[in-house]
Amino acid sequence: MKRQLVLENGAAFIGEAFGSFRVSKGEVVFNTGMTGYQEVITDPSYCGQIVTLTYPLIGNYGINRSDNESGRPSISGLVAREVSEDPSHWQKDKTLSEWLAEYDVPGIKGIDTRKLTKMIREYGTLRGKIASVEENSSEIAQELKKWPLPTDQISRVSTKSAYVTPGSGPRIVLVDFGAKQGILRECIKRGFDVVVVPYQTTAKDILKLHPDGLLLSNGPGDPKDVPEAIQMVRDMLGKVPLFGVCLGHQLFALASGANTVKMRFGHRGVNHPVKDLRTGKFAITSQNHGFTVEQASLEGTELEATHIAINDGTIEGLRHKCYPAFSVQFHPEASPGPDDSQGLFDDFMTMVNTHRKEGAGLA
């Protein structure tokens with residue numbers, strides 16, 4: 001069945017349907033990873049977005065039960081050049097198309113994804129709609145120009161109630177803004193006693209749990225859409241050690257007086273080089289974000305940059321000068337991607353244990 005992807009700038013790409021046949025709108029972005037499509041599709045940080053996969057062949061190893069980063073796909077649609085209908089892998093349970101149809105996620109294949117990606121790089125992320133070819137593309141483009149991007153993505157992907165993943169080590173409160181399972185896995189590996197709480201949990205309620213540390217997860221959208229979370233982080237600074245990842249990094253920056261801005265087309269892929277300014281070492285990182293901390297806004301705050309992106313010089317890590325708190329814009333848990341930065345979870349563990357040993361924090 002033919003279908004089209006229409007962008008707000010009037011461009012229309014005609015291709016073939018796969019997955020669900022539902023009509024869907026979203027912000028069109030691209031991911032440059034060669035593998036890891038299952039993890040990308042189930043990453044809650046993509047909630048509300050139509051994801052273009054730039055690698056030309058997708059789905060060749062199918063879908064398995066082990067690689068999900070959340071309970072279900074979070075994307076609004078998937079765009080690919082070619083989709084394998086006969087995947088080959090010993091762990092596969094079903095094809096990509098079957099799986100997307102099961103979760104009512106529409107896809108479009110057979111289009112020029114290189115042209116689409118270059119267009120996004122030129123114009124920035126664009127609103128788009130996956131629709132029937134019978135619909136008038138000019139009318140769709142006008143509709144998209146008037147369509148406000150959603151601001152409720154975090155409420156859609158965050159846990160609705162707190163839950164515990166028991167461990168014998170220090171107690172960590174993980175604030176779920178759309179947390180990937182990879183973050184929880186890294187915490188479990190280190191024996192943390194993890195309490196996962198909803199995004200709108202207040203500092204007062206977090207302190208009632210007597211945490212030894214606070215972990216702010218990744219998540220979708222604009223960090224300024226959750227002012228209650230910014231206030232929570234502000235109230236928690238100095239109480240216990242804090243580690244922010246991706247959206248958590250941006251919330252940490254805002255709570256500390258810095259500013260965030262939207263990027264032209266963001267960082268989404270598994271091969272982004274980052275430099276650690278303290279050691280001079282480089283790491284290849286997994287990234288998925290459309291906002292960044294504004295460099296100039298650090299002036300006058302108690303924050304200092306610890307990491308920068310090699311490709312464009314944007315801030316990739318922060319440290320608080322007074323409190324035991326740090327953050328990174330990339331995904332140290334990878335999933336998908338390289339594990340170069342998983343040691344940051346060990347750094348957090350060391351910070352938590354040092355804080356406990358010194359008798360600081362909560363009684």
Report summary line: Filtering trypsin sites (Lys or Arg not before Pro) in region 286-363 by DSSP loop and by at most 14 other Cβ atoms within 10 Å leaves LYS321
Query raised in the report: region 310-349: which chymotrypsin sites (Phe, Trp or Tyr not before Pro) are DSSP loop and have at most 10 other beta-carbon atoms within 10 angstrom?
Result: none
Report task. Could you tell me, in Å, what Rg and Dmax come out for the Cα atoms of region 7-81? Result -> 12.4, 39
Report summary line: Residue-ordered couplings for region 304-320, obtained by feeding phi - 60° into the Karplus form 6.51 cos²θ - 1.76 cosθ + 1.60 and rounding to whole Hz (Gly and Pro as x), are 9, 6, 10, 9, 9, 7, 6, 5, 9, x, 6, 6, 10, x, 9, 9, 7
Query raised in the report: Carbon-plus-sulfur fraction of the accessible area of the chain, 1.4 Å probe, in percent?
Result: 48 percent
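Determine the per residue accessible area of region 85-135 with all protein chains present and a 1.4 angstrom probe, expressed in square angstrom.
55 Å²
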Report task. Given a cut-off of 26 Å, name the pairs among LYS92/LYS118; LYS281/LYS357; LYS118/LYS262 whose C-alpha atoms lie farther apart than that in the structure shown. Result -> LYS92/LYS118; LYS281/LYS357
Query - Residues listed by number, region 157-186, amide nitrogen under 13 Å from LYS208 label point at 7 Å toward C-beta - result: 162
Requested in this report: Please go through region 115-164 and write out the GluC sites (Glu not before Pro) that DSSP classes as loop and that have at most 11 other C-beta atoms within 10 Å.
Outcome: GLU134
Query raised in the report: Once phi is turned into ³J(HN,Hα) by the Karplus curve 6.51 cos²θ - 1.76 cosθ + 1.60 with θ = phi - 60°, what whole-Hz value does each residue of region 86-95 show in order, with x for glycine and proline?
Result: 9, x, 10, 6, 5, 8, 5, 9, 7, 7
Query raised in the report: Taking springs between alpha-carbon atoms closer than 10 angstrom, which of ARG234, ARG127, ARG65 fluctuates most in the Gaussian network model of the chain?
Result: ARG65
Query raised in the report: Can you list, largest first and rounded to whole Å, the semi-axes you get for the chain by taking the square root of 5 times each eigenvalue of its Cα gyration tensor?
Result: 36, 22, 19
Query raised in the report: Using θ = phi - 60° and the Karplus curve 6.51 cos²θ - 1.76 cosθ + 1.60, what whole-Hz ³J(HN,Hα) does each residue of region 105-119 get, with Gly and Pro shown as x?
Result: 9, x, x, 9, 10, x, 9, 7, 5, 5, 4, 4, 5, 4, 5
**Report entry** Contact order normalised by residue count of the chain, Cα under 8 Å, 6+ apart, percent
**Finding:** 15 percent
Query - Over region 96-154: Kirkwood hydrodynamic radius from C-alpha pairwise inverse distances, Å - result: 13.9 Å
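Which whole-number percent of Cα pairs in region 256-352 have a distance greater than 18 Å?
Values: 2071 of 4656 pairs.
Of all Cα-Cα pairs in region 256-352, 44 percent lie more than 18 Å apart.
The values are calculated or read from the model by the stated rules, or taken from the named source; none is laboratory data. Just so we're clear, the structure is a prediction, and the values are computed from it rather than from any experiment. Counting neighbours? That spans all protein chains shown, and the Cβs are built from the backbone with ideal geometry, glycine included. These accessible areas exclude ligands, DNA and RNA; they are computed on the full protein's heavy atoms, side chains included. Shrake-Rupley method; radii C 1.70, N 1.55, O 1.52, S 1.80 Å.
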